[in-house]
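The values are calculated or read from the model by the stated rules, or taken from the named source; none is laboratory data. All figures in this text were calculated on a predicted structure; none of them were measured in a lab. Note that we place each Cβ from the backbone using ideal geometry, even for glycine, and neighbour counts take in every protein chain shown.
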Amino acid sequence: MIDKNQAIQQQLRELFESQNLAVLATHRSRQPYASLVAFYATEDLKHLFFVTPKTTRKFENLKADAKVAMLVNSTTNQAVDFHQAVSVTVVGTAAEIVGPERQPILKRYLEKHPYLEDFVRSPSCALVRVSAKSYFMVQNFQNVMELHLNQ
Amino acid sequence: MKWVISAEDIQDEDRQRVGGKGYALVLMAKNGFQIPETVCISSDAYQEYVDHTGLRERIQLELHRKNFKEMRWEEIWDCATRIRNMFLQKQIPDHIANRLKAAIQVRFQDEPVAVRSSAPEEDTAKASFAGLHESYINISGINAILEHIRKVWASLWSDAALLYRQEIGLSVEKSTMAVVIQAIVPGDRSGVVFTQNPNDASQGVIESVYGLNQGLVDGTVDPDRWILDRQTHRIISHTPATRRYWMVPIEQGVQLNPLPESMSRMPPLNTQKTREVFGQACRAEDFFGTPQDVEWTYKDRSLVILQSRPITTLSTGKTEDNRGWYLSLHRSFENLKSLRKKIEEELIPGMSAAAEEMAATDLTRLSDRSLAQEISRRWEINHKWVNIYWDEFIPFAHGVRLFGQVYNDAIKPEDPYEFVDLLTQTEMASLERNRMLEDLAAQIRNDRRLAEQLQKGLYAEADPDFITQIDSFILKFGDLSCAVTGGSQCAQDSEPLIKILLEMANHPPAPLGRRKSQKAQLLKEKFLACFAGDRRTQALELLDLARTSYQLRDDDNIYLGRIEAQVLAAIREARQRIENTQSGNSDDSATNELEAVLADLDHRTEIPNPYRQKAGAIFDIKPRQLIGQPGGPGIARGSARVIRQHADLADFKNGEVLVCDAVDPNMTFVVPLASAVVERRGGMLIHGAIIAREYGLPCVTGIPDATAVIETGDIITVDGYLGIVTLGTGDI
């Protein structure tokens, strides 16, 4: 039998590899807020990274409460999306990365988003790591699987 | 771009737009073959229709609601039925209809026509789709023609075509359909020629019947058959048929009639006509450059070619595909009538006799060696009947489907399963049993002393009259701990039954869903009102056939189960002996034989949860929302009771959701206690769905691995409208 567990993880990797952008959900004072970020995910699916100017609402929000959600999907804005697209919601906690581990991560980040070089090198930008707690994957329009990371 | 293409304006590059069949026909017309007036509706018209009506994505959503490979044939049929209904409900928009009407009317005025499928992918696949898509004969009037064009388009998504495309690996996204409209030639004799015999390359074959070709093509009229020498065209042999029927055109469509006596004595073709037919077919072979399968007809002594296509069944040395089996799932009315006769008069008595014959053997008296032989023999018998089940009983189930299609075509209901209510008029045996159970439960409910005695297991003190009723119930229906298909945990005992009765008595009786009889009568009148004269008689006959087919859908499992139970009885006896040996009371060498024969059999094992994590895995994966088929409308949430073994049923509690692999008829006694039903086996016409509809319970069928991924006690929500089962709560 196909190992569905492995197959689903592989699907996640492929989706994260193929997509540049994710919707990031943060909140403040009980008000949810959504924004678009360029991201990359680690091979082990434990972490996702994005870069944001520190002056943004999203950064302020996640500083106030680290609980965030991200949505990555393969839609193409066409009718076929309804049966073809895969969408994944990531739930986890966000933290700014500072110190020596910042450089290797930025290098990996720029391999995926080389056009953002100037942006990420700016001192006003923060590199943020989201440590995933759970993934919720939707495909075939309504089929939903949950993946929970064992702590 | 032209949507209606005729012989005068066909171009090489049109081949993909009109399909191989249409292209060959107009090419033949252009090159001097005598063919009926023919035009092709290109696949562009189909594309415009599915885009404009939004059907393109609706079809894809329907096809992708589940992994296709995880769908059973019955689910695929359901899927095809829903898609067909979408086509029936969506008129061709005016801007398309007007273009088609103008071009068709110029050609055919009010002449009757054939509306035939011509799928472009038949060519690219280098595979034969013959018979997988629909064609309609003798259609008159432009509105009727347009309606049948829609039906031909819909047949692109027939269950057989879906299965076949999946098997040969064609992408469903690219599937499209062209249509051939052809003047009807009311031939007095017709047939098929294979210019090369698939079994012998030096020969050709002609098959011929009186009347139209449909009787021959769908297998209802036996043809005369000639084998000819390909080189000399000399007749090598002629096998006459018993000529009893012929297919003739009626007002809309065709009808099978008895063949006049005078004609039945003569073969439809004489030697000269045989040569003429074969000669024309060989001309087509020369023209197309490959052996052809040619359909033809004679009208007033003049030979007309109806269609010509390359033979795809010529031996290629490759394993055969399953197109034949897919096709066998669709049988004509006549064919089903004779199948019914065979099933009722031959197969069911045969199955009962096989089960009785096995049951008559006292297994305990057999030596170990004889028991080993008996197990193998029973296994073979079971195997034989399982094959018959697939070959005869499953196709007979198409009686229900054929009726459903005729009903949906006539009524065009919003719910494509409305017709089921018309078939459930004959009450199922399981409902009678459930009523008896409710009577017993009511006695406990009204007698506190009796309830206490039963709870304490003091059966000897209980009212003897009640105990007698329990005994006679067990005698009639079994003790409910045994599955209809045997079950190795079967031990004759009244305890499981009493447990269930006590649970039933603790709660008010479950109301039966809306009773069907009145509704069935109304639906029957509505259905019959769509037909007049002979067609009304046929519609009534079809309804009768469908009711038998429906009932058999339930009963055939029971018959097969009785045979399987005998296999299991022998296996149980062998296991018992092996156990005894291990405790040291028997001769070793003989039990080795028993062990060997058991090891040889394909044992059932528990289905593993495919999502279960391996040790050390970083992810725990669990389904949240599983998609199946909507089997009964309604929504309910409750604690799951997963039935892995039949004996699990005895623990069923009121309000639980019944989760099982397949509801078998002996399981349905807990349904009145259940709040919803979830089944791994999928389909709208399976037992679980039918019984759930009967009690008005939400039901979802076709949930892959249902009994493996859901645990007893899990809180689940069953959405019977959308066919979704949601596990757990929404907590993150």
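Yes or no, residue by residue, for (1) within 26 Å of residue B:390 (Cα to Cα); (2) at pLDDT 90 or above; (3) among the aliphatic types (A, V, I, L, M); (4) not in a strand (DSSP E or B):
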| residue | (1), (2), (3), (4) |
| --- | --- |
| B:298 | no, yes, no, no |
| B:314 | no, no, yes, yes |
| B:319 | yes, no, no, yes |
| B:330 | yes, no, no, yes |
| B:334 | yes, no, no, yes |
| B:345 | yes, yes, no, yes |
| B:349 | yes, yes, no, yes |
| B:355 | yes, no, yes, yes |
| B:358 | yes, yes, yes, yes |
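Taking the listed residues B:171, B:202, the one that is surrounded by fewer than 20 Cβ atoms within 10 Å (Cβ to Cβ) and without any contact (Cβ under 8 Å) to a residue 12 or more places away in the chain is B:171, with no other qualifying.
The number of residues in region B:250-281 that are among the aliphatic types (A, V, I, L, M), over 17 Å from residue B:34 (Cβ atoms) and in a helix (DSSP H, G or I) comes to 1. Residues in region B:595-608 that are out of contact with any Lys or Arg (no Cβ under 9 Å at 6 or more places or on another chain) and either in a loop (DSSP other than H, G, I, E, B) or at pLDDT 70 or above (or both): B:595, B:596, B:597, B:599, B:601, B:602, B:603, B:604, B:605, B:608. Has region B:571-594 got any residue that is at pLDDT below 75, over 27 Å from the mean Cα position of the chain (by Cα) and within 14 Å of another protein chain (Cβ to nearest Cβ)? There is no residue in region B:571-594 that is at pLDDT below 75, over 27 Å from the mean Cα position of the chain (by Cα) and within 14 Å of another protein chain (Cβ to nearest Cβ).
Check region B:175-183 and report whether any residue there is touching a residue at least 24 places away in the same chain (Cβ under 8 Å), within 30 Å of the chain's Cα centre (by Cα) and surrounded by fewer than 23 Cβ atoms within 10 Å (Cβ to Cβ).
Of all residues in region B:175-183, those touching a residue at least 24 places away in the same chain (Cβ under 8 Å) come to B:175-183.
Among the residues that remain, those that are also within 30 Å of the chain's Cα centre (by Cα) are: B:175-181.
With the extra rule that they be surrounded by fewer than 23 Cβ atoms within 10 Å (Cβ to Cβ), the set shrinks to B:175-176.
The answer is yes, given that some residue of region B:175-183 is touching a residue at least 24 places away in the same chain (Cβ under 8 Å), within 30 Å of the chain's Cα centre (by Cα) and surrounded by fewer than 23 Cβ atoms within 10 Å (Cβ to Cβ).
Residue A:83 meets all of the listed conditions (1) of a type outside the set (S, T, N, Q); (2) within 14 Å of another protein chain (Cβ to nearest Cβ); (3) more than 30 Å from residue B:62 (Cβ to Cβ) but one, namely (3).
Residue count for region A:91-106 under the criterion of being within 14 Å of chain B (Cβ to nearest Cβ) and farther than 21 Å from residue A:63 by Cα: the result is 0.
Kindly indicate whether any position in region A:107-126 is within 14 Å of chain B (Cβ to nearest Cβ) and either of a type in the set (Val, Ile, Thr) or under 17 Å from residue B:731 (Cα atoms) (or both).
We begin by selecting, within region A:107-126, every residue within 14 Å of chain B (Cβ to nearest Cβ); these are none.
No, region A:107-126 contains no residue that is within 14 Å of chain B (Cβ to nearest Cβ) and either of a type in the set (Val, Ile, Thr) or under 17 Å from residue B:731 (Cα atoms) (or both).
All conditions but one from (1) surrounded by fewer than 16 Cβ atoms within 10 Å (Cβ to Cβ); (2) in contact (Cβ under 8 Å) with a residue 60 or more places away in the chain; (3) within 14 Å of chain B (Cβ to nearest Cβ) apply to residue A:88; the one that does not is (1).
Looking at region B:554-570, is at least one residue under 25 Å from the mean Cα position of the chain (by Cα), among the acidic types (Asp, Glu) and crowded, with 20+ Cβ neighbours inside 10 Å? Among the residues of region B:554-570, at least one is under 25 Å from the mean Cα position of the chain (by Cα), among the acidic types (Asp, Glu) and crowded, with 20+ Cβ neighbours inside 10 Å, which makes the answer yes. Filter region B:707-719 down to residues that are within 26 Å of the chain's Cα centre (by Cα) and at pLDDT 95 or above and give me whichever is surrounded by the fewest Cβ atoms within 10 Å (Cβ to Cβ). Ranking the candidates gives B:719 first.
Take the residues in region B:111-135 that are at pLDDT 90 or above and surrounded by 22 or more Cβ atoms within 10 Å (Cβ to Cβ), then tell me which one is farthest from residue B:311 (Cα to Cα). The extreme case among them is B:113. Within region A:133-147, residues that are more than 7 Å from every other protein chain (Cβ to nearest Cβ) and touching a residue at least 40 places away in the same chain (Cβ under 8 Å) reach partners that are among the small types (Gly, Ala, Ser) and buried (at least 20 other Cβ atoms within 10 Å of the Cβ) with beta carbons closer than 8 Å, at six or more positions or on different chains, in the pairs A:133/A:92.
Could you look through region B:48-83, keep only residues that are away from every other protein chain (no Cβ under 14 Å) and of a type in the set (Lys, Arg), and pick out the one that is farthest from the chain's Cα centre (by Cα)? Across region B:48-83, the extreme among qualifying residues is B:82. Inspect region B:623-639 for any residue being in a helix (DSSP H, G or I), outside the structural domain of residue B:78 (by TED's automatic domain parsing) and either of a type in the set (A, V, I, L, M) or out of contact with any Gly (no Cβ under 8 Å at 6 or more places or on another chain) (or both) and give the result as yes or no. Among the residues of region B:623-639, not one is in a helix (DSSP H, G or I), outside the structural domain of residue B:78 (by TED's automatic domain parsing) and either of a type in the set (A, V, I, L, M) or out of contact with any Gly (no Cβ under 8 Å at 6 or more places or on another chain) (or both), which makes the answer no.
Residues in region B:703-725 that are within 11 Å of chain A (Cβ to nearest Cβ) and among the small types (Gly, Ala, Ser): B:708, B:723. At least 2 residues being of a type in the set (Phe, Trp, Tyr) is the threshold, and among the helices (runs of 4 or more DSSP H) wholly inside region B:1-118 those reaching it are B:43-52, B:73-89.
Residues being under 13 Å from the mean Cα position of the chain (by Cα) and touching a residue at least 12 places away in the same chain (Cβ under 8 Å): count how many of those fall in region A:28-42. Let's see the steps before the verdict.
First, the residues of region A:28-42 that are under 13 Å from the mean Cα position of the chain (by Cα): A:34-42.
Within this subset, residues satisfying the condition of being touching a residue at least 12 places away in the same chain (Cβ under 8 Å) are A:35-41.
The total comes to 7.
Of the residues in region A:64-80, not one is touching a residue at least 60 places away in the same chain (Cβ under 8 Å), within 14 Å of chain B (Cβ to nearest Cβ), farther than 30 Å from residue B:69 by Cβ and charged (D, E, K, R).
Checking B:218, B:229 one by one, the residue that is without any contact (Cβ under 8 Å) to a residue 60 or more places away in the chain and of a type in the set (Asp, Glu) is B:229 and no other.
Counting only residues that are modelled with pLDDT under 85, surrounded by fewer than 20 Cβ atoms within 10 Å (Cβ to Cβ) and outside any loop (DSSP other than H, G, I, E, B), region B:396-433 holds 5 of them. Take the residues in region A:1-13 that are farther than 30 Å from residue A:63 by Cα and free of Cβ contacts under 8 Å to residues at least 60 places away in the same chain; name whichever of them is surrounded by the most Cβ atoms within 10 Å (Cβ to Cβ). The qualifying residue surrounded by the most Cβ atoms within 10 Å (Cβ to Cβ) is A:5. Look at (1) in contact with an Asp or Glu (Cβ under 6 Å, 6 or more places away or on another chain); (2) away from chain A (no Cβ under 14 Å) and you find that residue B:695 fails only one, number (1).
Taken over region B:701-721, the criterion of being out of contact with any Asp or Glu (no Cβ under 7 Å at 6 or more places or on another chain), outside any loop (DSSP other than H, G, I, E, B) and within 22 Å of residue B:79 (Cα to Cα) is satisfied by B:718, B:719.
Go through region A:99-115 and give me each residue that's assigned to a helix (DSSP H, G or I) and within 15 Å of residue A:130 (Cα to Cα).
Of region A:99-115, the ones assigned to a helix (DSSP H, G or I) are A:102-112, A:114-115.
If the condition is that a residue be assigned to a helix (DSSP H, G or I) and within 15 Å of residue A:130 (Cα to Cα), then A:102, A:105, A:106, A:109 are the ones that fit.
Candidates A:141, A:119, A:82: the one that is assigned to a helix (DSSP H, G or I), over 16 Å from residue A:45 (Cβ atoms) and out of contact with any strand residue (DSSP E or B) (no Cβ under 7 Å at 6 or more places or on another chain) is A:82.
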